[in-house]
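Worksheet: the structure to be examined is printed underneath.
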Amino acid sequence: MNKKEELRKKYLNERSKMSAVKINKWSKKIKNKFLELPELKNAKKVMAYASMRKEIETFELLEELLNQGYLLYLPYTRRDVVDLGTAKINDLDQDLKDGVFGVQEPIKRIRDEEVPDDFDIIIVPGACFTAEGYRIGYGGGYYDSFLTKHANNALKVGFSYDCFIVDSIPAEAHDVPVDIIITEKRIINTK
């Protein structure tokens, strides 16, 4: 098993043991820090993700972004290539269903033919991050592929529990770092 795979396994295992109370409390803090980002004030198009398996909970944030009038996009896993597609979400209850890997994904009829190339902010999940913005995801390479093609001038924001900020991760040429990491304790500018 390579170093990345070992780290992924370790941190996903640690995360699986976290209590729902702690996750809820820390997720609210992360949500509030995100909503206070100065970059959000001028943003229109935000891509986020539907949380699963003890990730930082995003559904309250998604609802808040919709209520505040942001154009909200969520990803879905494309089966034909290692990449993500997107869809504009208007209603969390009607526009999502269980998809690949048990993740809530946009229903087929609202999926975009082409991924927009003008996202202002892209929120990225991960198992762990370094202070330089590198991350270990779930091993599929979907987000790195997506960010390489579609992040353009978007602010890339990683959500992480503070205890999963690590000293180093073996970075590869195709890895795309995030610009900011938000934890329950702090905001880390990676530049």
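Laid out as a table, the results:
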{"read-out": "Qualifying positions in region 134-189 - under 17 Å from I30 (Cα atoms), within 16 Å of the chain's Cα centre (by Cα) and assigned to a loop (DSSP other than H, G, I, E, B)", "value": "S160, Y161, V178, D179, T183, E184"}
{"read-out": "Residue match in region 101-120 (condition: surrounded by 14 or more Cβ atoms within 10 Å (Cβ to Cβ), within 18 Å of I180 (Cβ to Cβ), modelled with pLDDT of 90 or more and under 16 Å from the mean Cα position of the chain (by Cα))", "value": "yes"}
{"read-out": "Hits in region 2-60 (condition: at positive phi and either surrounded by fewer than 17 Cβ atoms within 10 Å (Cβ to Cβ) or of a type in the set (V, I, T) (or both))", "value": "R53"}
{"read-out": "Condition met for L71 (of a type outside the set (G, A, S), in contact with a strand residue (DSSP E or B) (Cβ under 7 Å, 6 or more places away or on another chain) and farther than 22 Å from G137 by Cα)", "value": "yes"}
{"read-out": "Set D144, D179, D175, D167: member being of a type in the set (D, E, K, R) and modelled with pLDDT of 95 or more", "value": "D179"}
{"read-out": "All positions within region 69-92 that are under 15 Å from T58 (Cβ atoms) and either assigned to a helix (DSSP H, G or I) or at pLDDT below 85 (or both)", "value": "L92"}
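The values are calculated or read from the model by the stated rules, or taken from the named source; none is laboratory data. All values derive from a computational prediction rather than experimental measurement. Glycine also receives a Cβ, built like all others from the backbone with ideal geometry; neighbour counts cover every protein chain displayed.
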